[in-house]
Structures are given as structure tokens and as C-alpha cells.
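Trainee: What follows is a structure written as C-alpha cells; I'll ask about it next.
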Amino acid sequence: MKSILSTYSGILKLQRETFYDIKRSRNGFRISIKLFVIICLIGSLGQWFGVGTILRQSTLPEQIHQLVALIEDIDQNIPGWLPQKMGENLSNFTQDVAEVVRKIEDKTTDFMPPLGARTSRVINIVGEWLETPLQIMAKFLGLSLILLLVMKLMGGEGTLSQHISLTMLAIAPYVLTFFSYIPSSSITMSLALDIFSRTLSILAIGWSVVILLKALSVAHGVTLKRSASGLILGLVVCYILIPLGSIITILYVLFG
């Protein structure tokens, strides 16, 4: 087999020999899984641009401490022109409120993560990033299995392993979604980034569809026209018939 980079390049270029190499290889499934995970991780790297902002956010105890400081500042700056009794009552009130907030601050500190709030935030971001391939794969495999059933009904000859290995290659253009994960820092930046990321996402979807058509064609030994028919039918089943069937079933269970 070729190297990962040359294989990836061949997929993007729709080189038929690359698809056939994966179909015939004993390690085809493993190669597809590896590519899938790597591409998903690269495509979702944009979310790391927001780490600095997340780490700079105040923790809950810090926010409560700032509130205590604000209350104390109010207490120290009670207008001198107020009647003495009213000023004393207001000062006592602010001190009581400050004391209650301090107790809340102490309690929230006890419930903070052992490693610290900011360290925990980084761990959560890493976890969410590493979880991205699994989330995408779960959705992808559902559609892929429906397409397998449809292609088999249409005379497809591919095995389960060949079908999954090749259809998973449709994730290749996912790297273009990198910018959709980048948090914006201003309204102007947000608009420009949104337009740019949406344009790339549309390109990625179109490119993925073309790769998927090629994958179905090679996996099941059918023409591109038949693979296109199978893809359309699979999408109809996945996004129209199954939801409609679920609604009808729920209504039948509820109302008989």
C-alpha cells in the first residue's frame, strides 16, 4: 500500500487505483479508520484557537470574590450627605451582604476541581477534541449501513468490510471545516469568518458526495449512475422514511 499522504492525495483526486488498492488490501479497513480519525482531528483543530479566551475567563470563586470587593467598595463610599442613621443602616446592610457572599465563596471553593478550574477546562477541551472522530463516526456509520442495504438490494457485490472501508473515505474533505471551529473575536471578524467557513463547508460537502459516489461504485462494482441512484435512495430512507416511520409509530402507540 501507498503511504498515508499519497493515499489521501489519491482519494481527493478521485484516483480509481487508490480506491481499488484499499478495497483489495487486507489492511484497507485499518487504513480507512486511521485516515478517518486523523482527518477529523485536523478538521476540528480550529477550536483550540479559543483556548486562550476560555483560560482567561474568571472562575466562579473569582467572580464571587469580585462581587465581595464591589460590595465593600460600596460600603466605603456611602455618601456623606445621607442622614447618619440611614448611612449606618446602609453600611450594616452591605456588610451583612458581603459576609453572606464570603460564605458562598468559601463553599464554592470547596467544590472546585482538585486540579483547578483552568486545568479542568483544558482537560475538557482535549476530551471534546478527541471525541470528535467518535461523534462523526457514529453518525457516518448509520448512513453507511443504510447505503449498504440499498446497494445490496440494487445488486451491489461489495462485502461489509469493503463497503465501510471505502465509504469512510468520503470524510477526506472534512479538513476544510477547520475554520468553522475558530471562535470569532468581533462582529466584523465573525461575519467574514462565517461566510468563509460556510463556503468551505459547502465545498467539503460537495467533494465528499463525489468521493462517496466513487467509493460506492468501486466497492460494489457498479456504475457511477447506479451508485448515485443508491445514494439518493439511501438519503431518502435515512432522512425521510425513517423519521416519518418513527412519527407514525409514536402516534400509533399514543393514540392507537
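Trainee: Of Lys23/Lys214; Lys34/Lys225; Lys34/Lys152, which ones are farther than 21 Å apart at the Cα?
Mentor: From the list (Lys23/Lys214; Lys34/Lys225; Lys34/Lys152), the Cα-Cα distance tops 21 Å for Lys34/Lys225; Lys34/Lys152.
Trainee: Follow-up. By how many nm would the segment from Leu254 to Lys34 lengthen if fully extended, with 0.36 nm per residue of separation less the alpha-carbon distance?
Mentor: On the way: separation 220, 0.36 × 220 = 79.20 nm, distance 4.47 nm.
Extra length from Leu254 to Lys34 when fully extended: 74.7 nm.
Trainee: May I pose another question? At 0.36 nm per residue, and after removing the present C-alpha to C-alpha distance, how many nm does the segment from Asp21 to Leu149 gain when stretched out fully? Present the calculation step by step, with values, prior to reporting the outcome.
Mentor: On the way: separation 128, 0.36 × 128 = 46.08 nm, distance 2.35 nm.
Contour length minus the Cα-Cα distance gives 43.7 nm.
Trainee: In terms of Cα to Cα distance under 19 Å, which aspartates and glutamates are near enough to Lys103, apart from those fewer than 8 places away along the same chain?
Mentor: Glu62, Glu72, Asp73, Asp75
Trainee: Kindly state, to the nearest 0.05, the FRET efficiency for Leu41 paired with Ile242, given R0 = 25 Å and r defined as their beta-carbon distance. It would help to have the intermediate numbers written out before the result.
Mentor: Working: r = 30 Å, r/R0 = 1.19.
Efficiency, from the Cβ-Cβ distance: 0.25.
Read-outs throughout are calculated quantities, based only on the coordinates presented, and are distinct from any laboratory measurement. Note that this is a predicted model, so its numbers are computed, not measured. Neighbour counts run over all protein chains shown; Cβ positions are idealised from the backbone, glycine included.
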